[in-house]
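**Q** This structure is in structure tokens; I'll ask about it shortly.
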Amino acid sequence: MNQKSQNIKALVSIGLPVYNEEIFLAQTLNSILEQDYQNFELIIADNASTDNTSVICQEYAKKDSRIRYCPNSTNIGAAGNFEKVVELARGDYFVWVSGHDLWHSQFLSLCVENMSQDDSMVLCHPQAMWINAESQPLGMIPGSVDTRGLDTISRVNVVLWGLGYCYPVYGLIKLSTLKQATLGLKIIGPDVLLLAELSLFGTFSHIQQPLLYIRRMADFGDWNRYIEKVFNQRLSELSATQLFWEIIESHVQVILKHIESSPEKNSITISIVNCLLTKYQWILNTMVSSNSSGTIREDDYHQRILNLFDQSQKFSNCLNNLILLTPQQSISEITAHENSVHNPIIIIDGVFFQLYSTGIARVWRTLLEEWANTEFAAHIIVLDRANSAPKIPGIRYLTIPAYSYNNTDADKQMLQQVCDQEGADLFISTYYTTPLSTPSVFMAYDMIPEVLGGSLNQPMWREKHHAIRQACSYAAISENTARDLVKFFPDISIEQITVAHCGVAPIFTPATATEISTFKHKYGISKPYFLLVGAGSNYKNAILFFRAFDQLHTKQGFEIICTGSGVTLANEYRQYTSGTVVHSLTLSDEELKIAYSGAVALVYPSLYEGFGMPVLEALACGCPVITCANASIPEVAGEAAIYVDANDVDSLTDALCEVQKSPVRSSLITAGLTQAKQFSWVKMAEIMSSALIQVTLARLNLQRVNFIIFPDWSQSEETVGLELQEVIKTLVNHPDKAEMTLLIDNSNITPEEADLVLSSVAMNLLMEEEIEFDGGPEIVLVGELSPMQWSALISKLQGRIKLDHENQEVIDKLKVDTIPVVEPDNN
């Protein structure tokens, strides 16, 4: 019997610690017993419940011999009860389950199968979903982690830094590994600490399918409140300093045990200690407030770490790397500074992938592919609706429920919950969904229903208009779409809209004669042919082509290919094609490229386009284009197409004749290939990522004129204050001050401390000068920005005002010496 077969028959121990769970317990037990994987034991540890929990447990134990009911005579605490079910477990794998949660019937089978693929795997968890008291879904839970293919240091970092809610602890765990774990459940943050320890033994895997349903109780789910409650309880027993060292020592002892012989031991230890200093910043802050001196002595910090490592005598070489503090700095100060760099998070709702597979899906798939290998990928999370989004390596995904126009209000609430949990700075949807309050960018593809008089009461268009009104910024795929957006929503200014033209996929290039011949033979095409794309939509105006084609004296010498939406030829068109073979084909991109390349022309008499992708694809393939100068089409085709009036049958008939002339064809093909080179997906991806990052800078209140200064805050408050006072006085007296923003770098000082200095400066100016601040300029502290945010900001700056004392380290680091140095005058 092979290894996989053995694992598939492995015994799973299910640990169910319960206390007063009578309301939902039967539902939980039923979901366990209904598993399609039946080789399990269920251990129920009843923590001296005072309701009917014991009665329910005993009834189920009598019905199924796999259930072991193990009541406690007294309540041993939640942590003790969780440990008890592990001690009693006898299986190959172990999984905890709560007495009010539910499992999908394939929870165990899929997890066991997944674990069987790799002996180095120690934990497998599926996607989890919040449910309410009525078992209705509330949304997916973030916090999944997959560490396959990562080294030890990376696995530990992913667990320590990457988890929000720690539901992976309710996944399937290799029992032998779990019993080796020593960290226990008796200190603050048990889930993440236990998971971090388990990650030292092996890898975690994640099943991107909701199989675990966690009931969100009225007092459950707020991790921060839970942590605060436990922390305050421990703080009543210990001093803050003792509590801090309890946590640090627990971690380091575990690290020492597991990685003493590891070649990566120094890196792992440094990483985890650094993580702790940041992750438990709130503990350190409490220590400062409770410590009479306001700081933790640097020598004490070093000596405590030294004592820990001396126990092993193996880690003295890495002590220098662990000395994080500089003289006169407290742990809380350095931690706050390190933690202040904020990488903005942008949520992208991939809802369009669930709804349709048309051109918009192509746009977003290509954008994600372009972003995957750039620094922008670190800023985005794609919401994967019911596993419908394309999985692109390098992109982070979060699975959430499918979208329905019947439940839009609940969807908005769910999206807001996800944004809150992920700490999102910005939201953009692939198709008109919105959260409740997180700032959003609206992506405009077209304004077809508005321009052509569609029924705007349909749910789709209602949601579109809601998204438009709620957005704080806008993007459009053409200049014309941007103008139409402003036309129908005059409260939007054209300056608020970023235009990012679509690109053309590399596959769309001229095909060879052999490829064209093979294509025609495959589909039985024996004559020259005209090509129509998307003829099924009324606004594509295909009827104009068929009427014009009917007037061709040589129409018997041609065939027609229809592809794209509405590929089947409508009955109203058949009267114009008598005696002509019409091919209705569904083509892959590879075949579409050949169809373009071999056509007499793409005929595209559309009444309206948001962009006009088929026109661009045809031009790139060396296919002459006959179209109408409507909406965005002239932006795409330029001078490389034959334009006809959308209602003029005769002019289109003439164009069908004209395009057959060799000089005309040759000129159109050459111009088309040149025109197509102006459009690039790389360019669109760069424009879109830059625009989205720019929106995350909204708090800086950038205006027409933006200056920045880099004070050296290590100087005395008097020195810094005088320099700030001189700059601000000059700008306040400037005639254009209402259009100015002064940005002040405070990357090495807290906002509170900088505000105190600025308040003092403002008071001095008001007392010494007759100055009015009401009319400007805006004065904003920059804080810490990500590299992409700095890049976006620098492009918006008109100058750097040089000070006598500057933070040269930051200037060098950010390379802001490229910003011109200015001396603002009052003229």
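**Q** For Gly612, indicate whether it is at positive phi, touching a helix residue (DSSP H, G or I) at 6+ places or on another chain (Cβ under 7 Å) and in the same structural domain as Ser537 (by TED's automatic domain parsing).
**A** Numbers: at positive phi: yes; touching a helix residue (DSSP H, G or I) at 6+ places or on another chain (Cβ under 7 Å): yes; in the same structural domain as Ser537 (by TED's automatic domain parsing): yes.
Taking the combined requirement at face value, the residue satisfies it.
Residue by residue, here is whether (1) part of a loop (DSSP other than H, G, I, E, B); (2) in the same structural domain as Ser786 (by TED's automatic domain parsing); (3) under 21 Å from Gly564 (Cβ atoms) holds:
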position	(1), (2), (3)
Gln354	no, no, yes
Ile360	no, no, yes
Trp364	no, no, yes
Asn373	yes, no, no
Phe376	no, no, no
Lys391	yes, no, no
Tyr403	yes, no, no
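**Q** If only one of Thr74, Thr28 is out of contact with any Phe, Trp or Tyr (no Cβ under 6 Å at 6 or more places or on another chain), crowded, with 19+ Cβ neighbours inside 10 Å and at pLDDT 90 or above, which one is it?
**A** Thr28
**Q** Within region 532-561, count every residue that is more than 25 Å from Leu452 (Cα to Cα) and surrounded by 13 or more Cβ atoms within 10 Å (Cβ to Cβ).
**A** Counting residues in region 532-561 that are more than 25 Å from Leu452 (Cα to Cα) and surrounded by 13 or more Cβ atoms within 10 Å (Cβ to Cβ) gives 9.
**Q** Can you tell me which of Thr374, Thr366, Thr434 is touching a residue at least 12 places away in the same chain (Cβ under 8 Å), over 28 Å from Phe679 (Cβ atoms) and polar (S, T, N, Q)?
**A** Details: Thr374 fails: over 28 Å from Phe679 (Cβ atoms); Thr366 fails: over 28 Å from Phe679 (Cβ atoms).
Selected residue: Thr434, the only one of Thr374, Thr366, Thr434 that is touching a residue at least 12 places away in the same chain (Cβ under 8 Å), over 28 Å from Phe679 (Cβ atoms) and polar (S, T, N, Q).
**Q** In region 166-190, which residue that is in a loop (DSSP other than H, G, I, E, B) and either within 26 Å of Ser116 (Cα to Cα) or touching an Asp or Glu at 6+ places or on another chain (Cβ under 6 Å) (or both) is modelled with the lowest pLDDT? Full working, then the answer.
**A** Here is the first cut: in region 166-190, the ones in a loop (DSSP other than H, G, I, E, B) are 166, 171, 181-189.
If we keep only those that are either within 26 Å of Ser116 (Cα to Cα) or touching an Asp or Glu at 6+ places or on another chain (Cβ under 6 Å) (or both) too, we end up with 166, 171, 181-183.
Values: Cys166: 61, Gly171: 93, Ala181: 73, Thr182: 56, Leu183: 49.
Once the filter is applied, the top-ranked residue is Leu183.
**Q** Here's another thing I want to ask about it. Specify the residue that is surrounded by the fewest Cβ atoms within 10 Å (Cβ to Cβ); the eligible residues are those in region 374-406 that are more than 15 Å from Ala685 (Cβ to Cβ) and of a type in the set (D, E, K, R).
**A** Filtering first and then ranking leaves Lys391.
Conditions (1) among the basic types (Lys, Arg); (2) free of Cβ contacts under 8 Å to residues at least 60 places away in the same chain; (3) within 23 Å of Ile207 (Cβ to Cβ), marked per residue:
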position	(1), (2), (3)
Cys70	no, yes, no
Ala78	no, no, no
Asn81	no, no, no
Asp92	no, no, yes
Ser98	no, no, yes
Leu102	no, no, yes
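**Q** Moving on. State whether one or more residues within region 607-629 are touching a residue at least 60 places away in the same chain (Cβ under 8 Å), closer than 27 Å to Arg483 by Cα and among the β-branched types (Val, Ile, Thr).
**A** There is no residue in region 607-629 that is touching a residue at least 60 places away in the same chain (Cβ under 8 Å), closer than 27 Å to Arg483 by Cα and among the β-branched types (Val, Ile, Thr).
**Q** Separate question: So Ala26 passes all but one of these: (1) touching a strand residue (DSSP E or B) at 6+ places or on another chain (Cβ under 8 Å); (2) of a type outside the set (S, T, N, Q); (3) more than 19 Å from Tyr170 (Cβ to Cβ); (4) in a helix (DSSP H, G or I). Which condition number does it fail?
**A** Ala26 satisfies every listed condition except (1).
**Q** Let me ask another. Give me a count of the residues in region 505-528 that are within 21 Å of Glu635 (Cβ to Cβ) and in contact with a Ser or Thr (Cβ under 8 Å, 6 or more places away or on another chain).
**A** The qualifying residues number 1.
Each row is one residue, and each column tells you yes or no for (1) over 24 Å from Ile214 (Cα atoms); (2) at pLDDT 85 or above.
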position	(1), (2)
Asp51	no, yes
Asp64	yes, yes
Ala78	no, no
Val112	no, yes
Gly149	yes, no
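**Q** From Glu134, Glu87, which residue is surrounded by fewer than 19 Cβ atoms within 10 Å (Cβ to Cβ) and either among the basic types (Lys, Arg) or farther than 30 Å from Ala424 by Cα (or both)?
**A** Details: Glu134 fails: either among the basic types (Lys, Arg) or farther than 30 Å from Ala424 by Cα (or both).
The unique qualifying residue is Glu87.
**Q** Another question about this same structure. Considering only region 675-692, I want to know if a residue exists there that is without any contact (Cβ under 8 Å) to a residue 60 or more places away in the chain, in contact with a helix residue (DSSP H, G or I) (Cβ under 7 Å, 6 or more places away or on another chain) and farther than 30 Å from Pro624 by Cβ.
**A** no
**Q** Does any residue of region 44-51 turn out to be touching a residue at least 24 places away in the same chain (Cβ under 8 Å), within 23 Å of Ser135 (Cα to Cα) and not aliphatic (A, V, I, L, M)?
**A** yes
**Q** Further, regarding this structure: Inspect region 546-559 for any residue being part of a helix (DSSP H, G or I) and touching a strand residue (DSSP E or B) at 6+ places or on another chain (Cβ under 6 Å) and give the result as yes or no.
**A** no
**Q** Still on this structure, I have one more. Please go through (1) out of contact with any Phe, Trp or Tyr (no Cβ under 9 Å at 6 or more places or on another chain); (2) surrounded by 18 or more Cβ atoms within 10 Å (Cβ to Cβ); (3) more than 27 Å from Glu617 (Cβ to Cβ); (4) not polar (S, T, N, Q) for Leu368 and return the number of the only condition it doesn't satisfy.
**A** (3)
**Q** May I pose another question? Exactly one condition in (1) under 19 Å from Phe204 (Cα atoms); (2) not in a strand (DSSP E or B) is false for Ser135; which is it?
**A** Condition not satisfied by Ser135: (1).
**Q** Within region 784-818, restricting attention to residues that are crowded, with 19+ Cβ neighbours inside 10 Å and assigned to a loop (DSSP other than H, G, I, E, B), which residue is farthest from the chain's Cα centre (by Cα)?
**A** Restricting to residues being crowded, with 19+ Cβ neighbours inside 10 Å and assigned to a loop (DSSP other than H, G, I, E, B), the top hit is Asn807.
**Q** Next question, about the same structure. Being crowded, with 20+ Cβ neighbours inside 10 Å and touching a strand residue (DSSP E or B) at 6+ places or on another chain (Cβ under 7 Å) is the requirement here; does Ala511 meet it?
**A** Criteria not met by Ala511.
**Q** If you check Glu717, Glu686, which single one turns out to be outside the structural domain of Asp812 (by TED's automatic domain parsing) and among the charged types (D, E, K, R)?
**A** Details: Glu717 fails: outside the structural domain of Asp812 (by TED's automatic domain parsing).
Answer to the check: Glu686.
**Q** Something else now. Taking the residues in region 727-748 that are closer than 29 Å to Glu809 by Cα and at pLDDT below 85 as candidates, determine which candidate is surrounded by the most Cβ atoms within 10 Å (Cβ to Cβ).
**A** Filtering first and then ranking leaves Val732.
**Q** Now for a different question. So, Asp491, is that one free of Cβ contacts under 8 Å to residues at least 24 places away in the same chain and either farther than 24 Å from Gly672 by Cα or assigned to a loop (DSSP other than H, G, I, E, B) (or both) or not?
**A** Spelling it out, Asp491 is indeed free of Cβ contacts under 8 Å to residues at least 24 places away in the same chain and either farther than 24 Å from Gly672 by Cα or assigned to a loop (DSSP other than H, G, I, E, B) (or both).
**Q** List the residue pairs whose Cβ atoms are under 9 Å apart, where the first residue sits in region 578-602 and is without any contact (Cβ under 8 Å) to a residue 24 or more places away in the chain and not assigned by TED's automatic domain parsing to the domain that holds Gln556, the second is of a type in the set (A, V, I, L, M, F, W, C) and loosely packed, with under 15 Cβ neighbours inside 10 Å, and the two are 6 or more positions apart or on different chains.
**A** Close Cβ pairs satisfying both conditions: none exist.
**Q** Moving to a separate point now. How many residues are within 17 Å of Arg385 (Cβ to Cβ), of a type in the set (A, V, I, L, M, F, W, C) and either touching a Phe, Trp or Tyr at 6+ places or on another chain (Cβ under 6 Å) or in a strand (DSSP E or B) (or both) if we restrict to region 420-453?
**A** Total meeting the criteria: 3.
**Q** Criterion first (assigned to a loop (DSSP other than H, G, I, E, B) and either outside the structural domain of Val600 (by TED's automatic domain parsing) or under 30 Å from Glu572 (Cα atoms) (or both)) does Ile468 satisfy it?
**A** no
The values are calculated or read from the model by the stated rules, or taken from the named source; none is laboratory data. Quick caveat: nothing in here was measured; it's all calculated off a predicted structure. Glycine also receives a Cβ, built like all others from the backbone with ideal geometry; neighbour counts cover every protein chain displayed.
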